[in-house]
Amino acid sequence: NAGVMQNPRHLVRRRGQEARLRCSPMKGHSHVYWYRQLPEEGLKFMVYLQKENIIDESGMPKERFSAEFPKEGPSILRIQQVVRGDSAAYFCASSRGEEDTQYFGPGTRLTVL
Amino acid sequence: GESVGLHLPTLSVQEGDNSIINCAYSNSASDYFIWYKQESGKGPQFIIDIRSNMDKRQGQRVTVLLNKTVKHLSLQIAATQPGDSAVYFCAEIHQFYFGTGTSLTVIP
């Protein structure tokens, strides 16, 4: 079985541009989680989604950030008008259910110039 | 507030020795813990999990101990190998909390 897939693996954007990060969960998983990791820091929770629903977005910045998990296709984390402080590794995880283990993807490393 | 924290940011062990990585949590309602291993440039990799109805769980070369009385869990790695060098996180998965991690370095 394929694991959690994320693309692109590396993304470079200039300040003010938009970044779109994609996450395809493991087969059979309908729960998706997004985390951000700054260098030398731990993972910070951003948002938890199920198909077509945002369950918990308590970790999402109030502006410029949005996430979706449509009925068909991958989950998308969208960052509008990126700033240098958005540079980080963004990880997606998926689980079969809310009570189940989260498995992580390889991450997308965003660099804002 | 809720937190999951690591006692030590770094740990160096000799190849072949056993490693013990500790983790404390503050929310007594926490009930599902996972240890992850993260190598440089990669995503966290599941190692082992434990639920609050257990005190101990063993995997291949790894053992997790949970002490609910003092809100503490540990990861023990037997016969540590160079490939074990990585950052190890404990997480309370239902609260989406991860510690900063302990960086394990194995000395050949």
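The values are calculated or read from the model by the stated rules, or taken from the named source; none is laboratory data. No experiment lies behind these values; they were computed from the predicted model shown. Don't worry about glycine lacking a Cβ; one is built from the backbone with ideal geometry, like all the others, and counts go over all protein chains shown.
Observations on the structure shown:
- Total residues in segment A:8-45, condition under 22 Å from B:T102 (Cα atoms), of a type in the set (A, V, I, L, M, F, W, C) and surrounded by fewer than 18 Cβ atoms within 10 Å (Cβ to Cβ): 1
- Residue tally, condition within 14 Å of chain B (Cβ to nearest Cβ) and in a loop (DSSP other than H, G, I, E, B), over segment A:54-101: 10
- A:P106 vs. criteria within 14 Å of the chain's Cα centre (by Cα), free of Cβ contacts under 8 Å to residues at least 12 places away in the same chain and not in a strand (DSSP E or B): no
- Residue list for segment A:68-103, restricted to those being of a type in the set (S, T, Y) and free of Cβ contacts under 8 Å to residues at least 24 places away in the same chain: A:T101
- Residue tally, condition farther than 21 Å from A:A19 by Cα and in contact (Cβ under 8 Å) with a residue 24 or more places away in the chain, over segment A:56-67: 0
- Here B:N22 fulfils each of the conditions (1) assigned to a loop (DSSP other than H, G, I, E, B); (2) away from every other protein chain (no Cβ under 14 Å); (3) over 17 Å from B:P82 (Cα atoms); (4) in contact (Cβ under 8 Å) with a residue 40 or more places away in the chain apart from (1).
- Applying the criterion of being in a strand (DSSP E or B) and of a type in the set (G, A, S) to the residues of segment B:77-92, the residue that is farthest from A:V47 (Cα to Cα) is B:A86.
One line per residue, one yes/no per condition, for (1) hydroxyl-bearing (S, T, Y); (2) in contact (Cβ under 8 Å) with a residue 40 or more places away in the chain; (3) crowded, with 17+ Cβ neighbours inside 10 Å; (4) not in a strand (DSSP E or B):
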{"position": "B:L11", "(1), (2), (3), (4)": "no, yes, yes, no"}
{"position": "B:N27", "(1), (2), (3), (4)": "no, yes, no, yes"}
{"position": "B:W35", "(1), (2), (3), (4)": "no, yes, yes, no"}
{"position": "B:G43", "(1), (2), (3), (4)": "no, no, yes, yes"}
{"position": "B:M54", "(1), (2), (3), (4)": "no, no, no, yes"}
{"position": "B:V64", "(1), (2), (3), (4)": "no, no, yes, no"}
{"position": "B:L75", "(1), (2), (3), (4)": "no, yes, yes, no"}
{"position": "B:H94", "(1), (2), (3), (4)": "no, yes, no, yes"}
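- Only residues that are modelled with pLDDT of 95 or more and over 19 Å from A:G16 (Cα atoms) were counted in segment A:71-94, giving 6.
- Any hit, segment A:62-69, residues being among the hydroxyl-bearing types (S, T, Y), surrounded by 16 or more Cβ atoms within 10 Å (Cβ to Cβ) and under 12 Å from the mean Cα position of the chain (by Cα): no
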